[in-house]
Amino acid sequence: MDTKKFTRSYKLNLYGIALLLFAVIIFPFLVPSNYFISMFILIGLYGIVCTGLVVLMGHTGQISLGHAAFYGIGAYSSAIVSGKYDLPPLMGVITGILIACIVALLIGIPSFKLKEHYLALATLGFGVIVFTFLKEWTSLTGGLNGFFGIPPFEVAGFTFTNDLSYYFIVWAILVIGLWFVNNLIHSRTGRALKSIHGSESAAESIGINLMTFKLKALIISAVFASVAGSFYAHYISFINPQLFEVMTSIVFLIMVVIGGSSSLWGGLAGAIIYVWLVELLKDWVPLLGFSTGGEFEIVFFGVLLVVLLIFKPKGLMGSWMEKKLFLSQKKNVQNKKGAAL
Amino acid sequence: MESLSQLMQLLFSGLTIGSIYALIAIGFVITYNITGVLNFAQGEFAMLGALLTISMSSAGLPLYLAVIVAILIVMMVGGLFERAAIYPARKSSVATLIIITIGVSFVFRGAAIFIWGTQPHSLTPFSGNTPIRIFEAVLLPQSLWAVGISLAALAGMYYFFNKTYTGKAVTACVMNRFAAQLMGIKPEKMSFLSISLSAGLGALAGIIIAPISGASYQMGLMLGMKAFIAAVIGGLTNAPAAVLGAFLIGIIEAFSEGYLSSGYKDAVSFAVLLLVLFFMPNGLFSKKSGKRV
Amino acid sequence: MNLLEIKNLSKDFGGVQAVQDVTFTIQEGSISALIGPNGAGKTTVFNMITGVFPPSNGTIMLHSKKISNKKPHQIAKEGITRTFQNLQLFADMTVIENIMAGMHLLTKTGVWNAGFRLPSAKREEQYIYDKSMQWLMRLNLDQEAYLPAGTLSYGKQRLVEIARAVISHPKLILLDEPMAGLNHNESEKLADLLLEMKKEGQTFLLVEHDMDIVMRVADHIVVLDHGVKIAEGTPDEIQQNDTVIAAYLGSEVTI
């Protein structure tokens, strides 16, 4: 049977991922600027976190206000395992993943028994608690002074010392992450997650266990955030608790909303637009006569968030993809119907 | 005697901060029950109320007038917020509405930096600073003001909801939206009314706390979150329970600050939130608990 | 052979007796209908069978296995699926994805296999797709396969919902007012489809207000009034039952 049409959105995404991979490889040769490379490392890291969040928010319809904490868990796991105990950095990454999974289970199981907005509350509370521990457990984390001297990432004898090497590994992880999520959403598991978003009672009626599948989505997004956090720590080599505050969780949320949580590309698009807008505001705001204390940024993103959610609730990528995919298909149907008559 | 006086001291400060949380928490409960929105911008109303009062009183307005005008302005801001951001999105999912209120809180906070800058401001206490000594503990007059005004406001709310026509209409809307609609009560109007009322309560809370802990653009976030915890502890649907929850959180905070470390204060409150959410999702004071809703 | 046995089923909501001591059985390969005036407790019975809430009293047995007190997704696993009175499609998913989601219980690919698209996952995806497409073609919906389900006409959305419920080969399908919102023509077509599927061995239990359709498709009718079973039997028997006529005279529907 002809599956061409069905696999269309899957294939389109695959082409997109291939194109992205190509762009990632040639970018440093086209733009050999340290400024852009370091900016794109940051975009890549945010992109990983937000691609995970897309699975949780966009596909499963669950909202988290605490993903900075998972990001922080990854960063501090790597910092402590490789910086304090001199163990291989890869073990730090894995430790972060494991802790993130356990924490996601601890937060998820009780929250998913309750009404939908309780996950938002529980993750918010969890974010504050993690922040407090990072701040107060000074013997382990260095407290507010931060954690210094995180060694570079190292795997199979290769040490990641310069920006370019981090650029490549971060974007490689993001590309794999996008590929993974694309596979996932075009599968039984992905459809189960989307079903939960569509109608919980209908999802249950076809045998989907809401608890397990919501947990799967939460764990996937937590792991993505933790991995990004680990590489952030190795790249920057210095972290402090303020980087993982509640505000950071909300910034992740803003990126996903801007990009559009219903699209595979929403997380990455949101990360790019966010970072670009922040840079833009830094340049333009002083010209408008305001100081750059960040206040303009706050108002700007607040307004953007509200306006987008009221007028473009699917985000920029979501609306664009919808137009691209569904309109062309509607046309196909109409053409065929016309032909049949 | 030392420990008793410390105990009293902590209890006083717990009750003071608890009364502030109570005012904001009631706003949460009213908004949540009438509009179904968990309003994360609730704490920002307190910030706006406090800073507006400070500006007007330093501009020469008598304090009582500044307070009244500030509350009225914040109520208008609240109403505007409802019309501009909640009403157009009223059919959206819970998650979307939550994020919208987060966006609005950003707007308020940023606007506050524009107007008042990032420096903290202070408001002179309502009636001097001479401490009152009770049981070896020191009590600031402003604390009495805080608890007194909160209790008066709560009594006023009780009167409003149970004795006036408009108040009863709001209550009816909470109990049965559909039936209320049949009786000619417009839920849209109630949504507007409830949010601006909550904004007014929030403003009042901010004004009371300003002489004690100062006022700055970022005070709203934590105040809002703590009030939120109080409301959840009370079960989110019950105003008197939210008030009890607020005093409880205030006292827990004061004690964890006094006996543990001020750094752990926030974490302790949120740990209480998680424990309540997980083990008594209908609130501490609910008869039937653990039932899935 | 008895497929579903309901014994002394009762439900009380904080003192209000919604369903009281209801007993009936459903034969394999039959279409049964649950009828009664508004507020008779039909939906409450449905919700107990599908595990939305547990009965206060009584048992529900499927193939002699007790299924009361199970959760909705476990009931589905036991082989009972359903449709909803107010359509519950996954509106943002395409038509074919809705039906593919219905195959959840027949398939098993997990996060790992799916995420790395291992051969087993690919094979399974093809199998799910083929089977779903067969159903779409049977229902004449293949042209609309790639439209978001929410954009279809009401009648077609109904069909999608039924296809989603039937595709996992359930032992029993519960249809909650399947004819609601359909015009005469659409209702007749749906009735034909139900009879056709019955011939293939599918068992149905439906709640329905359209008496013409009920009399036409049902083999066995159970009548509820005020939470109590007042009659059961074949369509002919029910039409001549005095208690049933009396109960319906008191309400707006006439047989």
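Quick check on segment B:196-204. Is at least one of its residues closer than 19 Å to B:SER269 by Cβ and in contact (Cβ under 8 Å) with a residue 60 or more places away in the chain? Within segment B:196-204 (the criterion being closer than 19 Å to B:SER269 by Cβ and in contact (Cβ under 8 Å) with a residue 60 or more places away in the chain), the answer is yes, since at least one residue qualifies. One residue stands out in segment A:154-183 among those that are more than 17 Å from A:TYR10 (Cα to Cα) and small (Gly, Ala, Ser): the one that is least open to solvent (accessible area, probe 1.4 Å), namely A:SER165.
Of all the listed residues (A:ILE73, A:ILE97, A:ILE80), the sole one being closer than 22 Å to A:VAL175 by Cα and open to solvent by 10 Å² or more (accessible area, probe 1.4 Å) is A:ILE97.
Being closer than 30 Å to A:LEU20 by Cα and either in contact with a helix residue (DSSP H, G or I) (Cβ under 7 Å, 6 or more places away or on another chain) or open to solvent by less than 10 Å² (accessible area, probe 1.4 Å) (or both) is not true of A:GLU136. Listed by first and then second residue, the pairs with beta-carbon distance under 8 Å, at least 6 apart or on different chains, first residue in segment C:223-239 and touching a residue at least 24 places away in the same chain (Cβ under 8 Å), second among the polar types (S, T, N, Q) and assigned to a loop (DSSP other than H, G, I, E, B), are C:VAL223/C:ASN241. Which one is nearest to the chain's Cα centre (by Cα) among residues in segment B:253-280 that are of a type in the set (Asp, Glu) and open to solvent by 10 Å² or more (accessible area, probe 1.4 Å)? So the residue we want is B:ASP266. Among helices (runs of 4 or more DSSP H) entirely within segment B:1-107, having at least 3 residues that are β-branched (Val, Ile, Thr) singles out B:2-35, B:63-81. Quick check on A:GLU245: is it more than 12 Å from chain B (Cβ to nearest Cβ) and acidic (Asp, Glu)? Considered against the rule, which asks whether it is more than 12 Å from chain B (Cβ to nearest Cβ) and acidic (Asp, Glu), A:GLU245 comes out as no. Within segment B:216-245, residues that are within 12 Å of chain A (Cβ to nearest Cβ) and farther than 10 Å from B:VAL29 by Cβ have Cβ atoms under 7 Å from residues that are open to solvent by 20 Å² or more (accessible area, probe 1.4 Å) and polar (S, T, N, Q) in these pairs: B:TYR217/B:THR118, counting only partners at least 6 apart in sequence or on another chain. Please go through segment A:1-33 and give me each residue that is open to solvent by 80 Å² or more (accessible area, probe 1.4 Å), of a type outside the set (D, E, K, R) and at pLDDT below 85, ordered by number. Once the filter is applied, which keeps residues that are open to solvent by 80 Å² or more (accessible area, probe 1.4 Å), of a type outside the set (D, E, K, R) and at pLDDT below 85, segment A:1-33 yields A:MET1, A:PRO32.
Here segment A:184-197 is the region considered, the condition is being without any contact (Cβ under 8 Å) to a residue 24 or more places away in the chain and not basic (Lys, Arg), and the residue that is surrounded by the fewest Cβ atoms within 10 Å (Cβ to Cβ) is A:ALA192.
Among the residues making up segment B:212-252, those that are surrounded by fewer than 24 Cβ atoms within 10 Å (Cβ to Cβ) and not aliphatic (A, V, I, L, M) are B:SER213, B:GLY214, B:SER216, B:GLN218, B:GLY235, B:THR237, B:ASN238, B:PRO240, B:PHE247.
Take B:ALA179 and tell me if it is part of a helix (DSSP H, G or I), modelled with pLDDT of 80 or more and over 18 Å from the mean Cα position of the chain (by Cα). For B:ALA179, the condition - part of a helix (DSSP H, G or I), modelled with pLDDT of 80 or more and over 18 Å from the mean Cα position of the chain (by Cα) - is not met. Checked across segment A:208-231, the condition of being part of a loop (DSSP other than H, G, I, E, B) and within 28 Å of C:GLY150 (Cα to Cα) holds for at least one residue.
Counting only strands (runs of 3 or more DSSP E) wholly contained in segment C:24-108, the ones carrying 1 or more residues that are open to solvent by 10 Å² or more (accessible area, probe 1.4 Å) and more than 12 Å from chain A (Cβ to nearest Cβ) occupy C:57-62.
Taking the stated definitions as given, is B:ILE115 open to solvent by 40 Å² or more (accessible area, probe 1.4 Å), in a helix (DSSP H, G or I) and in contact (Cβ under 8 Å) with a residue 12 or more places away in the chain?
The answer is yes for B:ILE115.
Looking only at segment A:58-113, residues that are within 11 Å of another protein chain (Cβ to nearest Cβ), among the aliphatic types (A, V, I, L, M) and part of a helix (DSSP H, G or I) come to 3 in all.
The values are calculated or read from the model by the stated rules, or taken from the named source; none is laboratory data. Computed from a predicted model, the values in this text were never measured in an experiment. Cβ: placed from backbone, ideal geometry, glycine included. Neighbour counts: every protein chain shown. Note: accessible area is taken over every heavy atom of the protein model, side chains too, but ligands, DNA and RNA are not part of it. Shrake-Rupley method; radii C 1.70, N 1.55, O 1.52, S 1.80 Å.
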